[in-house]
2 protein chains.
Amino acid sequence: MSERTLCVIGLGLIGGSLLRSAQNAGWTVRGAAASEADVAAARHAGFTVTSSVDDALAEVSDDDALVVLAVPLPAVVEVLGVLARCAPRCRLTDVVSVKQPVAAAVARLVPAARYVGGHPMAGRSASGWAAGSATLFRGASWMLGCDDGADPLVWAHIAQLALDCGAHVVPAGAADHDAAVARVSHLPHVLAAVLASVGADGGPLAMALGAGSFTDGTRVAASAPELVRAMCEGNREALLAAVDDALGRLGAARGSLASTGALEATIRAGHRARQAFEAARAGAPANTGAPANTGAPENTGHLELTSPGAFGRLRELGRQGARVTAVHHTRCQLHLSSSMATPWQPVAP
Amino acid sequence: MSERTLCVIGLGLIGGSLLRSAQNAGWTVRGAAASEADVAAARHAGFTVTSSVDDALAEVSDDDALVVLAVPLPAVVEVLGVLARCAPRCRLTDVVSVKQPVAAAVARLVPAARYVGGHPMAGRSASGWAAGSATLFRGASWMLGCDDGADPLVWAHIAQLALDCGAHVVPAGAADHDAAVARVSHLPHVLAAVLASVGADGGPLAMALGAGSFTDGTRVAASAPELVRAMCEGNREALLAAVDDALGRLGAARGSLASTGALEATIRAGHRARQAFEAARAGAPANTGAPANTGAPENTGHLELTSPGAFGRLRELGRQGARVTAVHHTRCQLHLSSSMATPWQPVAP
């Protein structure tokens with residue numbers, strides 16, 4: 001069944017984990033990567049992979065495999081160039097951490113591709129095939145793009161892939177996604193780098209005294225710098241807004257500490273925010289194909305992807321914290337669930 | 001043997017862990033706390049504890065127990081007031097996260113106490129007796145104060161306590177300690193609060209997309225706000241310097257991103273700093289009473305605590321990343337070890 005055939009370009013942490021995970025879920029998988037080391041490791045693990053991206057994509061016109069771009073943002077344009085020659089109308093998604101630049105590149109280079117952007121929110125500081133695992137996406141959020149014009153059937157296929165990998169699907173428009181991840185994914189990398197540098201400025205004594213809070217706060221500074229730069233610099237406008245917010249809050253903390261000696265507003269706001277995040281995580285649906293039973297307030301509903309305005313409605317639901325927990329994809333019908341504290345208006349079945 | 005008798009005031013995470021850990025190592029332990037819940041839990045676990053700090057400290061004049069202040073900074077003055085009445089010449093240490101204010105309060109209220117400040121660098125977001133464990137200090141750094149005038153024999157007793165709990169001892173002056181922890185312990189709490197707030201400003205979608213980097217970067221924002229405030233506000237001057245350093249670096253990142261779109265300097269510096277921290281951790285001695293064998297460059301040496309200028313020398317060694325790994329405390333002789341990349345001048349035996 002070709003709709004469950006996958007061709008993954010890039011066999012690093014995310015691409016390599018996707019290959020393993022999808023195969024475990026019964027998908028027919030193959031892959032390609034420029035990295036000889038990743039190709040050799042994947043082949044050694046028994047996967048059908050090639051170091052020729054051209055060869056891998058040439059097959060797509062025959063078998064209509066779902067193509068997944070799992071390369072860093074700077075490499076996307078080159079792969080799209082190959083795709084434009086080999087399989088310009090393919091079903092296409094990606095796992096790049098910024099969505100608007102990828103969507104723009106796809107529209108420019110392979111406008112006929114049936115593209116739906118994606119972003120699984122799973123990662124580790126380590127990179128490359130060896131760092132991946134079949135369980136990387138279990139319990140993770142997997143953003144799927146909901147901009148107007150997406151192909152409902154392809155959307156349902158990719159949502160099923162994400163669910164099959166153990167993730168739950170967070171629907172969002174590309175711009176909303178980029179603004180959100182600037183705050184919760186890219187800013188954390190910038191702050192981790194700043195914290196690591198300020199700590200190291202304290203010399204060997206500070207390094208000897210660094211413990212849990214410093215270890216956790218700087219963990220992602222261990223990530224490959226070129227990958228961190230690619231995702232942060234690729235989301236420049238949204239990241240600038242997030243950095244400005246952080247500068248404003250840190251400056252306010254500084255002013256309060258200097259003038260009155262108090263940090264109450266900063267610490268209390270941070271504590272409340274962390275509690276809100278923990279509540280959102282606790283309320284994330286278990287991936288059982290059924291709504292979660294967490295005791296949290298819950299809304300569920302169904303939505304026909306082929307109905308008028310469906311993607312606009314999905315974008316709005318995503319802003320309210322909803323997740324897609326099941327796909328009946330012969331009818332393009334989605335099951336949605338939210339257990340955010342803020343109730344949202346369930347979609348009529 | 002009274003030198004191995006311990007009276008711990010405060011039975012929260014740190015005090016409660018110390019009671020368990022020291023007892024496991026063969027110390028005779030007892031404790032007191034104002035929190036009825038902590039006292040009840042400790043008593044239920046079989047420990048000799050009381051909710052009367054007065055009663056606990058009154059015994060110290062008889063058995064010369066080593067008193068450990070394990071209360072938050074705002075409660076220190078009250079306990080010292082009791083101590084001044086009950087046991088003004090006792091052997092005294094503390095585990096408070098800021099050292100200069102505690103030293104000043106001791107000098108003012110119990111000037112005859114044989115005080116050596118301490119700070120075990122171990123913690124969790126959770127607090128209270130229930131959050132503690134006998135293994136909390138295993139592998140941790142435990143700062144011990146090296147300001148002039150410390151009693152060498154008491155210093156050796158407390159160093160032995162730290163080693164018995166599985167920690168290694170980091171020697172430092174109070175001012176050096178406070179400057180270092182502002183960078184690696186207090187600033188991480190401020191940045192975690194700022195990051196949590198900026199993330200929550202992104203609404204339910206951002207909360208749904210928050211993953212590893214946001215989880216780690218905001219973990220300590222889950223800590224009890226009043227404890228975070230007490231330690232941060234208690235180290236105001238040093239924390240202001242650390243916040244200013246962070247503001248400068250974050251502002252530089254902002255400027256670079258806005259003008260050239262590049263974050264190279266920020267990300268590379270953070271990566272190098274994190275690697276330096278990981279190297280320092282990897283080089284921390286195993287607590288076996290012998291120098292670590294990690295393959296890292298290593299220096300070892302001995303130092304007689306009773307020799308002239310010994311504490312000044314220890315402060316200098318601490319600045320260079322040295323640890324005390326063994327104490328021959330009948331002779332007040334310390335074994336020191338460092339595996340920092342920067343070599344230090346070993347002390348002649």
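Things to note:
- Equivalent-ellipsoid semi-axes for the protein assembly as shown (Cα gyration tensor, √(5λ), whole Å, largest first): 53, 27, 22.
- Summarising the strand pairing of the protein assembly as shown, around 40 percent of its internal DSSP beta bridges are antiparallel.
- Dipole moment magnitude, nearest 20 debye, the stretch A:11-90 about Cα centre, only Lys, Arg, Asp, Glu C-beta charged: 200
- Net charge contributed by nearby residues that have their C-beta within less than 13 Å of A:GLY234 (K/R +1, D/E -1): -2
- Residues of the protein assembly as shown: accessible area per residue with a 1.4 Å probe, Å²: 36
- Dipole size of the protein assembly as shown about its Cα centre, with +1 on Lys/Arg Cβ and -1 on Asp/Glu Cβ: approximately 120 debye, rounded to the nearest 20.
- Crossing angle, helix B:152-164 versus chain B [Cα axis fit, 0-90 degrees, rounded to tens]: 60
- Calculated [θ] (222 nm, deg cm²/dmol) that DSSP helices of n ≥ 4 give over chain A, each run adding -39,500 (n - 2.57): -14500 deg cm²/dmol
- The stretch B:1-93, relative contact order in percent, only Cα pairs under 8 angstrom and at least six apart counted: 33
- Going from the isolated chain to the complete set of protein chains, the stretch B:231-245 loses at least 40 Å² of heavy-atom accessible area (1.4 Å probe) at B:GLU233, B:ARG236, B:LEU240.
- Net charge contributed by nearby residues that have their C-beta within less than 13 Å of B:THR50 (K/R +1, D/E -1): -3
- Bridge orientation summary for the stretch B:2-172: considering DSSP beta bridges with both residues in this region, about 10 percent are antiparallel.
- Label distances, nm, B:PRO111 versus same residue in remaining copies, Cβ-directed 7 Å point: 8.7
- Inter-part distance where the stretch B:1-75 and the stretch B:149-176 are each reduced to a Cα centre, Å: 19
- Pairwise Cα distances in the stretch B:148-220 exceed 21 Å in 53 percent of cases.
- Across the accessible surface of the protein assembly as shown, with the other protein chains kept in place and a 1.4 Å probe, carbon and sulfur atoms take up 53 percent.
- 26 Å tail of the calculated P(r), chain A, as % of Cα pairs: 52
- On the basis of the beta-carbon distance and an R0 of 56 Å, B:LEU153 and A:GLU237 show a calculated FRET efficiency of 0.35.
- Summary for B:ARG272: label point 7 Å along Cα→Cβ; distances to the equivalent points in the other copies, ascending, 4.1 nm.
- Antiparallel DSSP beta bridges within chain A, as percent of all bridges there, nearest 5: 40
- With the simple spin-label model, which puts each label point 7 Å out from Cα in the Cβ direction, the B:SER307 to A:ARG89 separation comes to 8.5 nm.
- With semi-axes defined as the square roots of five times the eigenvalues of the C-alpha gyration tensor, the equivalent ellipsoid of the stretch A:1-110 measures 20, 15, 13 Å, largest first.
- Selection from B:VAL8, A:LEU247, A:VAL95, by position along the positive dipole direction of the protein assembly as shown (Cβ): B:VAL8
- Buried accessible area, chains A and B (both chains, 1.4 Å probe, Å² to nearest 100): 8300
- Positive-end extreme of charge dipole, the protein assembly as shown - chosen from B:GLY203, A:HIS186, A:THR325 (charges on Cβ): A:THR325
- The value of relative contact order for the stretch B:178-281, using C-alpha pairs under 8 Å at least six residues apart, is 31 percent.
- Helix A:310-319 axis, angle to chain A major axis (alpha carbon atoms, nearest 10°): 20
- Residues of the stretch B:183-201 that bury at least 40 Å² of accessible area once all protein chains are present, compared with their chain alone (1.4 Å probe, heavy atoms only, ligands and nucleic acids left out), are B:ARG183, B:VAL184, B:PRO188, B:VAL190, B:LEU191, B:ALA193, B:VAL194, B:LEU195, B:SER197, B:VAL198, B:ASP201.
- Seen against the Cα atoms of chain B and their longest principal axis, helix B:13-24 is set at about 50 degrees.
- Put a plus charge on the Cβ of each Lys and Arg, a minus charge on the Cβ of each Asp and Glu, and nothing anywhere else: the dipole of the stretch B:61-162 about its Cα centre is then about 220 debye.
- Note that the stretch A:178-262 carries a Kirkwood radius of 14.1 Å, evaluated over its alpha carbons pair by pair.
- Its relative contact order, with pairs defined as Cα atoms under 8 Å and 6+ residues apart, puts chain B at 15 percent.
- DSSP loop trypsin sites (Lys or Arg not before Pro) with at most 14 other Cβ within 10 Å: longest gap in chain B: B:139-330
The values are calculated or read from the model by the stated rules, or taken from the named source; none is laboratory data. Everything numeric in this text was worked out from a predicted model, so none of it was measured. Using ideal geometry, Cβ is built from the backbone for each residue, glycine included, and neighbour counts are taken over all protein chains shown. Remember, those area values only see protein heavy atoms, side chains included, never the ligands or the DNA or RNA. Shrake-Rupley method; radii C 1.70, N 1.55, O 1.52, S 1.80 Å.
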